[in-house]
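Structure first, commentary second.
The values are calculated or read from the model by the stated rules, or taken from the named source; none is laboratory data. What you are looking at is a predicted structure, and each value in this text was computed from that prediction instead of being measured. Positions of Cβ are backbone-derived with ideal geometry, glycine not excepted, and every protein chain shown enters the neighbour counts. These accessible areas exclude ligands, DNA and RNA; they are computed on the full protein's heavy atoms, side chains included. Shrake-Rupley method; radii C 1.70, N 1.55, O 1.52, S 1.80 Å.
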Amino acid sequence: QVQLVESGGGLVQPGGSLRLSCAVSGISFSIFRMGWYRQAPGKQRELVAGISSGGSTNYADSVKGRFTISRDNAKKMVYLQMNSLKPEDTAVYYCNSKWRGDYDYWGQGTQVTVSS
């Protein structure tokens, strides 16, 4: 059974930091591309950051220079370090794993709220 379990969300003030974690089980983690997506109320889900099996990363323009995605293949974990958070970063953040377009798994999401 494939499971992706996010943690680390919460309420933070503008300018603050959070670190999201995603624990993965049930797949050959090291071969999967991992990503973090987010969905704000009334908006479509969007890609925030992705990391390939080889460690190459990509980011949405809106988070470049503020967010960092990383992975630990031995622990089957993926992380999203979020710094300099803004109110517009408020959303439910989802962990995603993909392989060859045939395998696409999602976590249940974790709420991030940036507010003073």
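Residue by residue, here is whether (1) of a type outside the set (D, E, K, R); (2) at pLDDT 95 or above holds:
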| residue | (1), (2) |
| --- | --- |
| 20 | yes, yes |
| 31 | yes, no |
| 34 | yes, yes |
| 51 | yes, yes |
| 72 | no, yes |
| 75 | no, yes |
| 79 | yes, yes |
| 84 | yes, yes |
| 90 | yes, yes |
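Where strands (runs of 3 or more DSSP E) sit wholly within segment 59-116, those with at least 1 residues that are among the aliphatic types (A, V, I, L, M) and open to solvent by 20 Å² or more (accessible area, probe 1.4 Å) occupy 77-82, 91-99. Residue count for segment 45-58 satisfying the condition of being more than 19 Å from residue 23 (Cα to Cα) and in a loop (DSSP other than H, G, I, E, B): 2.
A Cβ distance below 8 Å, combined with a sequence gap of six or more or placement on separate chains, defines the contacts here; from segment 1-22, residues that are within 19 Å of residue 98 (Cβ to Cβ) reach residues that are modelled with pLDDT under 95 and surrounded by 12 or more Cβ atoms within 10 Å (Cβ to Cβ) in the pairs 1/26; 2/26; 2/27; 3/26. Would you mind stating whether residue 28 is open to solvent by 50 Å² or more (accessible area, probe 1.4 Å), touching a strand residue (DSSP E or B) at 6+ places or on another chain (Cβ under 9 Å) and closer than 17 Å to residue 111 by Cα? The answer is no for residue 28. Of all residue pairs spaced 6 or more apart or on separate chains, those with beta-carbon atoms under 7 Å, a first member in segment 58-86 that is closer than 23 Å to residue 13 by Cβ and a second member that is acidic (Asp, Glu) and loosely packed, with under 15 Cβ neighbours inside 10 Å are 60/46. Out of all the residues in segment 38-58, which are open to solvent by less than 20 Å² (accessible area, probe 1.4 Å), closer than 14 Å to residue 94 by Cβ and hydrophobic (A, V, I, L, M, F, W, C)? Within segment 38-58, 48, 49 qualify.
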